[in-house]
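The values are calculated or read from the model by the stated rules, or taken from the named source; none is laboratory data. All figures in this text were calculated on a predicted structure; none of them were measured in a lab. Because the Cβ atoms are built from the backbone with ideal geometry, glycine has one as well, and the counts that use them run over all protein chains shown. With ligands, DNA and RNA removed, areas are computed over all heavy atoms of the protein, side chains included. Shrake-Rupley method; radii C 1.70, N 1.55, O 1.52, S 1.80 Å.
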Amino acid sequence: MTNPSAVVSDAQSAITMAITAAVNTSSHYSPSVPNSPCNITMFSRNKFPKSIETAVSATGNHPGLGKNIAWVDVMRASSPTRNSSEDSENKKHWIMKHPSALGVFEEIMSAAKMKQIVIFLDYDGTLSPIVANPDQAYMDPKMREAVKNVAKYFPTAIVSGRCRAKVYNFVRLSELYYAGSHGMDIKGPSSRKHQKGNQNVLCQPAKEFLPMMAEVYEILMEKIKDIDGANVENNKFCLSVHYRCVDEHSWSDLFKRVESVLNDYPNLKLTQGRMVLEIRPTIKWDKGNAIEFLLESLGYANSKDIVPIYIGDDRTDEDAFKVLRKRGQGFGILVSKTPKETEAVYSLQEPFEVMHFLQRLVSWKRSILRSYQQL
């Protein structure tokens, strides 16, 4: 078992170590783990779970076995970590590096005055809580109202690994931009008061892969049907194999079955999310590309007067955080109760805090407008 005092939930240093030493023999694996910026402190080696160390050493004499063990550790590392008193010092240090976006709200907004704020939001774990059944990931009505109000004042997009149609069915706000399948399926609202650029936003860079994804979905469904708790979700340009409800002893078997299917599909890659294995086309396109596309579509590609804000909780959101760092504009907010290595600047602990942040953003904007009206 993983050492409970170690910070390993999405701890990408541990995951990167396992992947590099033991999983790189797989032609299907494509790590969605960005390089950490120089100002992020890497967790020390003694914080890695012992099972990761075992997996690394095992690759020497038994590479196949080591790869499999390492993958189970990668899967385990994406499991939510339970808080413990022993983690308090790590968390305190982490919060100093990634302060609460609520705690420094006024500071953030002072930097955004006279600039256009653009909001990007992940869905699962950000706008809705993580649930055992992905089909039950409903958004609280108060959260929906908060998102609706934000969209009145700022261009707002949902950027999710889910199928765009599924996310829309959860949110049901026609005034938003929706980027599904990790940004491989993007569509904007029919009426766009914030729009400066193209009027018809629609991007599907992996459209040619649709028949292949549908075919692999059917094969996967048959392949894992006898593994209790396993679930394959068809997100159009991405297939999500959920193992949140699978007994940990079956994770190794699940991974081997998924990999065996991909042996016949070299144009697909396997990535890791929060308690999910994801199969995607090999094209270079992720949530970071999606927000760049949306900013360009909005007419803000070269603007110096914008503040993009991206809020997300998963490893796939790091691609978006990384883009904002590279642009030197705006900032990422990681939603997490436990310390994780991240390219985000700020943090929030749970969807309730995300809702509070969005509500304060709306109140701030309304106060600005009122002050203008009184001049």
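Taking the residues in the stretch 208-257 that are hydrophobic (A, V, I, L, M, F, W, C) and without any contact (Cβ under 8 Å) to a residue 24 or more places away in the chain as candidates, determine which candidate is farthest from Tyr168 (Cα to Cα).
Residues of the stretch 208-257 hydrophobic (A, V, I, L, M, F, W, C): 209-210, 212-214, 216, 219-221, 224, 227, 230, 232, 237-239, 241, 245-246, 251, 254-255.
Cutting the leftovers down to without any contact (Cβ under 8 Å) to a residue 24 or more places away in the chain gives us 214, 221, 232, 246.
Numbers: Ala214: 21, Met221: 24, Val232: 20, Val246: 28 Å.
Selected residue: Val246.
What about Ile130, is it among the aliphatic types (A, V, I, L, M), within 21 Å of Ala344 (Cβ to Cβ), out of contact with any Pro (no Cβ under 6 Å at 6 or more places or on another chain) and at pLDDT below 95?
Values: among the aliphatic types (A, V, I, L, M): yes; within 21 Å of Ala344 (Cβ to Cβ): yes; out of contact with any Pro (no Cβ under 6 Å at 6 or more places or on another chain): yes; at pLDDT below 95: yes.
Judged against the criteria, Ile130 is a match.
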What pairs come out if I take residues in the stretch 329-345 that are among the basic types (Lys, Arg) and pair them with residues that are modelled with pLDDT of 90 or more and in a strand (DSSP E or B) whose C-beta lies under 8 Å away, six or more apart or interchain?
Lys340/Leu334
For the stretch 261-281, how many residues are in contact with a helix residue (DSSP H, G or I) (Cβ under 9 Å, 6 or more places away or on another chain) and open to solvent by 40 Å² or more (accessible area, probe 1.4 Å)?
3
Within the stretch 113-133, residues being of a type in the set (A, V, I, L, M, F, W, C) and outside any loop (DSSP other than H, G, I, E, B) number 5
Determine which member of the set Met213, Met221 is within 22 Å of the chain's Cα centre (by Cα), assigned to a helix (DSSP H, G or I) and at pLDDT 95 or above.
Met213
Test set (1) crowded, with 18+ Cβ neighbours inside 10 Å; (2) modelled with pLDDT of 95 or more; (3) in contact with a strand residue (DSSP E or B) (Cβ under 7 Å, 6 or more places away or on another chain) - Val323 fails condition number:
(3)
Selection from the stretch 338-375 of residues that are assigned to a loop (DSSP other than H, G, I, E, B), surrounded by fewer than 17 Cβ atoms within 10 Å (Cβ to Cβ) and not aliphatic (A, V, I, L, M):
Gln349, Glu350, Gln374
